[in-house]
Amino acid sequence: MPLPLAHGLMGATVIALCHRQQDGNRNWCAYALGFLLAVAPDFDCAFRWIPFAPFAGRGWHHDFTHSLGFALLCGWLVAVLLHESREHTRQMLVYAAAMATHPLLDLLFTSSSGVELLWPFRHDRLRLGVEPPVAYVWHHHSLLGKAFDLAQIALVELALYGSLFLLAWWLGQVMRRNVVESRLA
Ligand SMILES: [Zn+2]
């Protein structure tokens, strides 16, 4: 199952393809936000520690936070908090898409029973069972050995998903440049 690094890079990749502003500090904020949103669904692992209903007493991993509906809700919330009314709908869709990469990636590669992708309309778990491009296997049993395995997996993810991000970033730059040039022509 992909690590937070892969998820975050996929979120940033969506921003790289869809964000309109030219490079600058605010653009990097958008990348960071896209990264964070794409990591966020896995915070559901912490829900079981909330000591009151309806959270206590059961595992929440791959539940409603791994759905397209929740991604849309969070995209809307981010667009409202950013207060840019002119770009509201577009921003909502871009940030929702960044977050939606998480459940979609899990849908493809998870080895669990699946994700609740269509919440709130359907509550069954979906999975496609595709073989992931990165081998998520532990070769060692000691804590240090597992840390080494984790670092290795993270490096492979960085190479793979980082390349995808750089490609999207370059494509995004080319598309933006073409738009600017066509406006000036
Ligand atoms: Zn997940």
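The values are calculated or read from the model by the stated rules, or taken from the named source; none is laboratory data. No experiment lies behind these values; they were computed from the predicted model shown. Note that each Cβ is placed from the backbone with ideal geometry, even for glycine, and that neighbours are counted across all protein chains shown. Note: areas computed on protein heavy atoms with side chains; ligands, DNA, RNA excluded. Shrake-Rupley method; radii C 1.70, N 1.55, O 1.52, S 1.80 Å.
Selection over region 64-116 of residues that are of a type in the set (Gly, Ala, Ser), open to solvent by 20 Å² or more (accessible area, probe 1.4 Å) and within 16 Å of the ligand (Cβ to nearest atom) gives a count of 4.
Pairs are defined by a Cβ separation below 7 Å, a sequence spacing of at least 6 or placement on different chains, a first member in region 106-122 that is without any contact (Cβ under 8 Å) to a residue 12 or more places away in the chain, and a second member that is open to solvent by 60 Å² or more (accessible area, probe 1.4 Å) and not acidic (Asp, Glu); no pair meets this definition. Here residue 53 meets each of (1) more than 16 Å from the ligand (Cβ to nearest atom); (2) in a helix (DSSP H, G or I); (3) of a type in the set (A, V, I, L, M) with one exception, condition (2). Applying the criterion of being part of a loop (DSSP other than H, G, I, E, B), hydrophobic (A, V, I, L, M, F, W, C) and over 9 Å from residue 66 (Cβ atoms) to the residues of region 117-130, the residue that is farthest from the ligand (Cβ to nearest atom) is 121. If you check 86, 58 for being farther than 21 Å from residue 36 by Cβ, in a helix (DSSP H, G or I) and more than 18 Å from the chain's Cα centre (by Cα), only one passes: 86. Of the candidates 12, 30, the single residue that is surrounded by 21 or more Cβ atoms within 10 Å (Cβ to Cβ), free of Cβ contacts under 8 Å to residues at least 24 places away in the same chain and away from the ligand (no atom under 14 Å from the Cβ) is 30.
In region 44-61 there is no residue that is at pLDDT 85 or above, surrounded by 20 or more Cβ atoms within 10 Å (Cβ to Cβ) and out of contact with any Ser or Thr (no Cβ under 8 Å at 6 or more places or on another chain).
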